[in-house]
1. Could you say whether any residue in region A:82-105 is within 20 Å of A:Lys167 (Cα to Cα) and within 16 Å of ligand 2 (Cβ to nearest atom)?
2. A:Leu83 fails exactly one of the following numbered conditions: (1) more than 16 Å from ligand 1 (Cβ to nearest atom); (2) more than 15 Å from A:Arg102 (Cα to Cα); (3) in contact (Cβ under 8 Å) with a residue 24 or more places away in the chain. What is the number of that condition?
3. For residues that are aliphatic (A, V, I, L, M) and farther than 25 Å from B:Asp138 by Cβ, scanning just region B:221-238, find the one that is surrounded by the most Cβ atoms within 10 Å (Cβ to Cβ).
4. Condition first: more than 7 Å from ligand 1 (Cβ to nearest atom) and in a loop (DSSP other than H, G, I, E, B). Now tell me which residues in region A:59-71 satisfy that.
5. Go through region B:130-186 and give me each residue that's outside any helix (DSSP H, G or I) and without any contact (Cβ under 8 Å) to a residue 24 or more places away in the chain.
6. Return the only residue of A:Ser209, A:Ser215 being touching a helix residue (DSSP H, G or I) at 6+ places or on another chain (Cβ under 9 Å) and surrounded by fewer than 15 Cβ atoms within 10 Å (Cβ to Cβ).
7. Being surrounded by 24 or more Cβ atoms within 10 Å (Cβ to Cβ) and closer than 21 Å to A:Ser159 by Cβ is the filter here, so list the residues in region A:105-122 that pass it.
8. What is the number of the single condition among (1) closer than 21 Å to A:Val39 by Cα; (2) within 15 Å of ligand 1 (Cβ to nearest atom) that A:Val106 does not meet?
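The values are calculated or read from the model by the stated rules, or taken from the named source; none is laboratory data. Everything numeric here is computed off the predicted structure, so don't read it as measured data. Ideal geometry is used to build each Cβ from the backbone, glycine not excepted, and the neighbour counts take in all protein chains shown.
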Amino acid sequence: MSRRHRYEEPEPVPIDPVTGQPVAIRYEGVYKSFGEHHVLRGLDLLIPAGKITVIIGRSGTGKSVTLKHVMGLLRPDKGRIFLGDEELTSFTDKKLRTVRNRFGVVFQNAALFDSMTVYDNIAFPLYEHTRMKRKEIDTKVATLLAQVGLSGSEKKVPSELSGGMRKRVGLARALVRDPEFILYDEPTTGLDPILAAAMDQLIVETQDSRPGITSVVISHDMHAVLHIADKVAFLVDGVVYDEGPPEYFRDHTDPLIHQFVTGSLEGPMKV
Amino acid sequence: MIRGAIEALGRRVLEPIEEVGRVSRIFAFGTANIFIRPLRFRETVKQMEFIGVQSLPIILLTSFFTGAVFTLQSHRAFAMFGAQAMVGGTVGVALTRELAPTLTGLLVAGRAGSAMAAEIGSMRVSEQIDALDAMAVDPINYLVKPRLLASVIVTPLLTAIYDFVGMVGSWYIAMYVLNMSEPEYMKRTQEWIDWDDIWSGLLKALVFGAIIGTVACYKGYYTRGGAAGVGRATTSSVVVSSVAILVSNFFIAWALP
Ligand SMILES: Nc1ncnc2c1ncn2[C@@H]1O[C@H](COP(=O)(O)OP(=O)(O)O)[C@@H](O)[C@H]1O
Ligand SMILES: [Mg+2]
């Protein structure tokens, strides 16, 4: 299913070999350093449209940095990033800002605005970018809160919420403008196993209830990977070490991947 | 080893230059944004209220005592050559030209500036600023502009209050402690204080307001390293803006007639 409208384009839509889907986001040899610290070292990655891609890797390998590039929050030192057939890395700052409207992001610690109520947090993107009436906003916020299982929490402030609840509000806020892409930065980190499973389920539900939406999930939680992913990319030292469908990783014989999947101290990765 | 030393030296030289560049950028973009929509009128009023509420009590208190102690001390000095009548005017000029703007600036930097740096800093480390960016909301427009504008507007207003209450303190001591004659005190005070004195004090306050807003937003915006980083940003925002206020005060005094 292609979401491209310009049919006169001659070149074919690139297809992601893992899922057989058209490519929505493409990283091509992306490098990024912070001072002496080389984080991304020639990252090549395809994100299939309409599917859930999970990027796994150890803390500090550049998973969040990878996500921030696709929204133009960071610019690569070298390499290119494509969104559909547009080259993001050639955009001006102004044009990048309009691209961001097509994304929803759930941040690692939710990143809710502490000075605002749950209602205002979710409604904020609407205040900023639309002229929706108060009534419409009320309905939209209530619907989203129901979807994330937090009906009636409009008047609460972030400090009254648990970590799991904050992430749910963060998800509601990310969805409020019906984005084409939804990015989750460690959605289950810091949650107990039951809440984590509930969050995973919410990610799948969100994907299923919004046909065509493309999800990218960053995680180091193998459980999530095996349950929700359509495609998994394993990041080591700023490059994709290996990628494939989740089953491919479950029984992988590569010592590095095996060590990560089993969470073992023995193996090529040192603590 | 020599290479390491040269690199260290290079960083020593480059870091302050980079820092000046970033401070200027915050100021320039913050100012340029004044006319860029959304105007953030409500947010600016909210920040003005915040700075006012944070600083007003302490300004009322210190201004009264500044006027009072200055009157007491100058009276002692002037009494040595029988010129006590000049007390009101002298205190008035010192207060409006120097003491009110400088002390107001230092107090606003300590109370409101530090709170602003802490707020923006914690928004940085908890990714709230990234969230703004991700929602295509320019953090300079949304966070920096209202705070910068508010501190440029409110610092002169607070200075005017400092002027007035400081003079009340001076008058009170002159009347009830030093038992000076009221008509004489009033006459000399009015003769001595010029509108120029008051305006130059308020102009200084405007500059100090810009310094406080810029430094607080800069320190907050570029905070790194979690809660400890927020603490460092807060402290250094107070130190840097206080020093900048005192140094720029000298140069403004020099430049003004
Ligand atoms: N804005 C930044 N400035 C400097 N260093 C950064 C910045 N963002 C990330 N880093 C560094 O890059 C590395 C990778 O970070 P990140 O992508 O957040 O890791 P993770 O895979 O855990 O999400 C870390 O060592 C981090 O300190
Ligand atoms: Mg991360």
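1. yes
2. Only one criterion is unmet by A:Leu83, namely (2).
3. Only one residue fits best here, namely B:Val238.
4. A:Met71
5. Scanning region B:130-186 gives B:Met135, B:Ala136, B:Val137, B:Asn179, B:Ser181.
6. Residue meeting the stated conditions: A:Ser209.
7. Passing the criteria: A:Val106, A:Phe107, A:Ala110, A:Ala111, A:Leu112, A:Val118, A:Asn121, A:Ile122.
8. (1)
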